[in-house]
Amino acid sequence: MNDLVHLAIIMDGNGRWAKRQGKERSFGHKEGAKKVREITKYAAKMGIKYLTLYAFSTENWNRPKTEVTVLMKLLSKYLHSEIPTLLENNIRFDVIGDISKFSASLQKEITYAKEMTAHCTGLRQILAINYGAQDEILRAINKSLQTHSEITKEILESNLDTAGIPAVDVLIRTGGDCRLSNFLLWQAAYAELFFSKTLWPDFSVGELETIVSEYKQTERRFGGVVTP
Ligand code: IPE
Ligand code: IPE
Ligand code: MG
């Protein structure tokens, strides 16, 4: 049986979920944020160590300004409202992505949430915000070059936003599309991939349990062969 240490989720389908009910896309984002709390609590209970959630990509700035504003407001609201839940469940909050592009106040809120939960030893919830794997890898290469003329796997990994975090075991994308959309391209090199047709606000603990039990039975070979 495989251990599940690092679960990563591309939380896609909020907009379509809202449209299907004749509502604004922002309504879907609000429902999506609620689902983050439910799935995070469950992942903590299951003993998963790292949960990385794709919340805003480097490409998502291309959306209409009104939608970007809604997403930034939701993020700020989440950073405030979730701290008690995180503390109650011994969850440490973290982020990956280039947060220097966010407003000064949002950056402060991110730092505050990280500091408030820094002592928590259970699950680490990692929000990927203004995250793009290509951007992350380029930043890591440039950082590595400041101190090394030749870059090894270890040096590069120590300069990725996920430094110190183990590779992804399971990567789930909801919303029906089968693509990675620039998420964790390095860290998911050997992840088991699951694509669900369920739109993120409809995703459930039950569906997660089904995916996890399938993953546990999967034969992970990492390029080797299985010895009988
Ligand atoms: C995912 O849902 C959330 C973000 C990218 C912020 P979408 O907003 O992409 O929803 P769809 O894919 O348009 O339905
Ligand atoms: C991926 O979803 C990013 C997040 C879930 C945050 P998108 O909706 O942005 O991806 P594409 O545009 O369908 O590839
Ligand atoms: Mg989408």
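The values are calculated or read from the model by the stated rules, or taken from the named source; none is laboratory data. Bear in mind the structure is a predicted one, so any value in this text is a computation, not a measurement. Every residue, glycine as well, gets a Cβ built from its backbone with ideal geometry; the counts of neighbours run over all protein chains shown.
With respect to Arg220, determine if the residue is more than 15 Å from Asp12 (Cβ to Cβ) and among the basic types (Lys, Arg). In short, yes. In the range 5-22, the qualifying residues are those that are more than 15 Å from the chain's Cα centre (by Cα) and away from ligand 3 (no atom under 16 Å from the Cβ), and the one that is surrounded by the fewest Cβ atoms within 10 Å (Cβ to Cβ) is Gly22. Restricted to the range 165-193, and to residues that are within 16 Å of ligand 1 (Cβ to nearest atom) and hydrophobic (A, V, I, L, M, F, W, C), which residue is surrounded by the fewest Cβ atoms within 10 Å (Cβ to Cβ)? Among them, the one singled out is Cys178. Considering the conditions (1) surrounded by 20 or more Cβ atoms within 10 Å (Cβ to Cβ); (2) touching a Lys or Arg at 6+ places or on another chain (Cβ under 9 Å); (3) farther than 16 Å from Ile48 by Cβ; (4) of a type outside the set (Val, Ile, Thr), Phe93 is excluded by exactly one of them, (3). Pairs linking a residue in the range 10-38 that is over 18 Å from Asp177 (Cα atoms) to a residue that is part of a helix (DSSP H, G or I) and more than 10 Å from ligand 1 (Cβ to nearest atom), with Cβ atoms under 7 Å and 6 or more positions apart or on different chains, are Ala33/Tyr78; Arg37/Thr85; Glu38/Val205. Evaluated against (1) over 18 Å from the mean Cα position of the chain (by Cα); (2) within 16 Å of ligand 1 (Cβ to nearest atom); (3) outside any loop (DSSP other than H, G, I, E, B), Ile39 falls short on exactly one condition, (1).
Residue count for the range 147-185 under the criterion of being away from ligand 3 (no atom under 16 Å from the Cβ) and part of a loop (DSSP other than H, G, I, E, B): the result is 17. The set of residues in the range 1-27 being touching an Asp or Glu at 6+ places or on another chain (Cβ under 9 Å), more than 10 Å from ligand 2 (Cβ to nearest atom) and assigned to a helix (DSSP H, G or I) consists of Trp17, Ala18, Arg25, Ser26. Residues that are surrounded by 13 or more Cβ atoms within 10 Å (Cβ to Cβ) and not in a helix (DSSP H, G or I) within the range 194-217 comprise Phe194, Phe195, Ser196, Thr198, Leu199, Phe203, Ser204, listed in sequence order.
Looking only at the range 43-77, filter to residues that are assigned to a helix (DSSP H, G or I), within 15 Å of the chain's Cα centre (by Cα) and more than 10 Å from ligand 1 (Cβ to nearest atom); which one of those is surrounded by the fewest Cβ atoms within 10 Å (Cβ to Cβ)?
The selected residue is Ala44.
This table checks each residue for (1) small (Gly, Ala, Ser); (2) in contact with a helix residue (DSSP H, G or I) (Cβ under 7 Å, 6 or more places away or on another chain); (3) modelled with pLDDT under 95.
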{"position": "Tyr50", "(1), (2), (3)": "no, no, no"}
{"position": "Leu53", "(1), (2), (3)": "no, yes, no"}
{"position": "Ser57", "(1), (2), (3)": "yes, no, no"}
{"position": "Pro64", "(1), (2), (3)": "no, no, no"}
{"position": "Glu67", "(1), (2), (3)": "no, yes, no"}
{"position": "Lys73", "(1), (2), (3)": "no, no, no"}
{"position": "Leu79", "(1), (2), (3)": "no, yes, no"}
{"position": "Pro84", "(1), (2), (3)": "no, no, no"}
{"position": "Asn89", "(1), (2), (3)": "no, yes, no"}
